[in-house]
Amino acid sequence: MKKTKILYVEDETFLAKIVKESLESRGYEVLLEMDGGDVIPRFQNLKPDICILDIMLPNKDGFAIAEEIRQLNAAIPIIFLTAKTQTTDLVKGFNKGANDYIRKPFSMEELIVRIENALRYQHEAAQSAEQKDDIRLSNYTFNPHRQTLSHNAEEKKLSFRESELLRLLYENREHVIDRRAILNVLWGSDSFFNSRTLDVYITKLRGYLKSDPALEIITVKGIGYRFVIE
């Protein structure tokens, strides 16, 4: 059976050694890189299945690396490992192409669950590619396969989770969808950190849809969200 290849970028020597050895003991193939400036050539040579990036790195930070990786491969899952928890940092990371964030310190069990979730989401998206057509959202056109949202001849490329969240809201339109259900479906956990991440995504989707007053993502306090299409 082919091993999942992980490009792991971390400059904390002790942490890097523990995580690398733990992942390898579970059957993953891991390439560890500790210098941000050397990552892209290693990425091109390895052709990994997933990237795990620290943010604070020598010579080039994780945000810049993720942006370059996205130019080379639009679909590969990218997970950030970070001590940064401010909303602005989350937004910046997702704008640079991150699929997920894990806050330090973390458990190996959590990391492995996030890795497998990211790989599963990618696989399911690829499998369903031929089954998903354009969806009309009032004056917008949403294509879950291509992960695009079009309006007035302008096309916005969505991240995978942005696309999946919008699809989930659309499929449950006019009904209240439980916040915890969204978190468990898209992130595999309803932790506080994931909950803050969901807030960021909801804000971003509202921003994308703001040009059409017929579309609204309504917060139902204490429960979840309702996607209204008038």
Which numbered condition Glu164 fails, given (1) surrounded by 16 or more Cβ atoms within 10 Å (Cβ to Cβ); (2) more than 25 Å from Tyr101 (Cα to Cα): (2)
Leading residue by the ranking (surrounded by the most Cβ atoms within 10 Å (Cβ to Cβ)) among those in the range 59-114 that are under 15 Å from Ile40 (Cα atoms) and of a type in the set (Val, Ile, Thr): Ile65
Subset of the range 192-230 that is open to solvent by 40 Å² or more (accessible area, probe 1.4 Å) and of a type in the set (S, T, N, Q) - its residue that is farthest from Arg103 (Cα to Cα): Ser211
Extreme residue, most open to solvent (accessible area, probe 1.4 Å), among residues of the range 5-52 that are under 11 Å from Leu81 (Cβ atoms) and part of a helix (DSSP H, G or I): Leu15
Filter pass, Leu169 being within 21 Å of Gly224 (Cα to Cα), open to solvent by less than 50 Å² (accessible area, probe 1.4 Å), at pLDDT below 90 and among the hydrophobic types (A, V, I, L, M, F, W, C): no
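I'm trying to understand the selection: among the residues of the range 172-183, which are under 18 Å from Arg196 (Cα atoms) and either open to solvent by 10 Å² or more (accessible area, probe 1.4 Å) or modelled with pLDDT of 90 or more (or both)? Quick ask: steps written out before the conclusion?
Restricting attention to the range 172-183, the residues satisfying the condition of being under 18 Å from Arg196 (Cα atoms) are 177-183.
Ile177, Asp178, Arg179, Arg180, Ala181, listed by residue number.
From the residues in the range 139-152 that are polar (S, T, N, Q) and open to solvent by 40 Å² or more (accessible area, probe 1.4 Å), which one is nearest to Leu168 (Cα to Cα)?
We begin by selecting, within the range 139-152, every residue polar (S, T, N, Q); these are 139, 141, 143, 147-148, 150, 152.
Pick out the ones that are also open to solvent by 40 Å² or more (accessible area, probe 1.4 Å) and you get 139, 152.
Values: Asn139: 19, Asn152: 24 Å.
Among them, the one singled out is Asn139.
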Single unsatisfied condition, Glu171 versus (1) free of Cβ contacts under 8 Å to residues at least 60 places away in the same chain; (2) farther than 17 Å from Leu149 by Cα: (2)
Some residue of the range 114-122 being over 18 Å from Lys5 (Cβ atoms) and in contact (Cβ under 8 Å) with a residue 40 or more places away in the chain: no
Those helices (runs of 4 or more DSSP H) lying entirely in the range 53-157 with at least 2 residues modelled with pLDDT of 90 or more: 62-72, 108-127
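The values are calculated or read from the model by the stated rules, or taken from the named source; none is laboratory data. Just so you know, these numbers come straight off a predicted model, no measurement behind them. Every residue, glycine among them, receives a Cβ derived from its backbone with ideal geometry; neighbour counts consider all protein chains shown. For the accessible areas, the whole protein counts, side chains as well, though only heavy atoms, and no ligand, DNA or RNA atoms are used. Shrake-Rupley method; radii C 1.70, N 1.55, O 1.52, S 1.80 Å.
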